[in-house]
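What follows is one structure encoded as structure tokens, with my remarks underneath.
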Amino acid sequence: MGRAGRYQEVYPQSPDAKAPSPLNVKEVWVENRRYVVCKNEDEAQKDRQEREAIAVALKDALQGGDKSLVGNKGYRRFLRTSGERFTIDEDKLKEEERYDGKWLLTTNTELAAREVALKYKQLWMVEDIFRSMKSLLETRPIYHKRDETIRGHVFCTFLALVLRKELQDRLKRKGWSLEWADVVRDLDRLQEVEMSIGGKSYVMRTETKGTVGKVFPACGVALPPTLRAADAV
């Protein structure tokens with residue numbers, strides 16, 4: 001059995017992009033089988049916090065005589081049983097700590113460990129894009145009956161996806177990492193209202209809140225004044 005020593009740092013994005021946390025990988029051989037161990041510090045912290053929260057919940061429940069969490073698989077795996085008595089399995093908690101933020105890849109290619117991890121990352125991104133097309137961009141359901149209208153519907157969805165990717169790339173170049181759901185919500189809240197005061201027409205814009213103040217500069221678009229004359233539009 002051969003094991004690599006140190007992790008290599010892998011950046012899912014270009015080196016000049018501000019990635020939240022780089023991916024670390026190393027190659028491991030077990031009985032002539034090759035594996036790539038991946039570790040992400042952000043995920044490790046998340047796993048650690050979740051496990052600590054489970055331990056606190058179990059401790060409080062056992063002290064209070066509440067056995068409702070015993071039926072939950074996520075909690076029960078950290079318990080020892082002795083008849084009808086339950087105690088927290090500290091050894092199991094410590095063992096789980098070894099796997100924080102880690103996952104395992106295997107491949108029959110000759111790609112370097114770094115490339116294997118990046119290809120997996122790209123696969124995950126593609127799957128995420130398809131999920132977005134189905135849900136966030138509401139590709140489904142499709143009520144059209146003609147082939148050309150169905151193609152038009154899918155094309156518009158794909159065009160929206162291209163625009164989303166371009167916007168995210170521009171935000172990254174500015175060093176901003178924003179949740180797409182927040183961007184859509186904040187842009188949807190940006191509205192204009194036309195009103196008439198003293199015989200003159202004006203257009204009033206709502207305040208820029210949340211991510212809006214970053215989205216427009218990233219696109220090179222200047223927001224109009226909050227209040228302006230309608231003939232200035």
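Quick look at the values:
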{"quantity": "Long-range neighbours under 9 Å by Cβ, at least six apart or interchain, first residue under 30 Å from ALA55 (Cα atoms) within region 91-119, second polar (S, T, N, Q) and in a helix (DSSP H, G or I)", "calculated": "ASP100/GLN45; GLY101/GLN45"}
{"quantity": "Filter result (among the acidic types (Asp, Glu) and under 11 Å from THR211 (Cα atoms)) within region 165-182", "calculated": "GLU179, ASP182"}
{"quantity": "Candidates ARG189, ARG205 - the one that is farther than 29 Å from GLN122 by Cβ and touching an Asp or Glu at 6+ places or on another chain (Cβ under 6 Å)", "calculated": "ARG205"}
{"quantity": "Members of region 63-90 found to be assigned to a helix (DSSP H, G or I) and more than 28 Å from GLY101 (Cα to Cα), listed by number", "calculated": "GLN63, SER68"}
{"quantity": "Enumeration of residues in region 99-112 that are more than 23 Å from the chain's Cα centre (by Cα) and either at pLDDT 90 or above or among the aliphatic types (A, V, I, L, M) (or both)", "calculated": "LEU111, ALA112"}
{"quantity": "Filtered residue count, region 170-194, keeping only those that are out of contact with any helix residue (DSSP H, G or I) (no Cβ under 7 Å at 6 or more places or on another chain), within 30 Å of ASP231 (Cα to Cα) and in a loop (DSSP other than H, G, I, E, B)", "calculated": "1"}
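The values are calculated or read from the model by the stated rules, or taken from the named source; none is laboratory data. Source: prediction; values computed, not measured. Quick reminder, even Gly has a Cβ in these numbers, built from the backbone with ideal geometry, and neighbours come from all protein chains shown.
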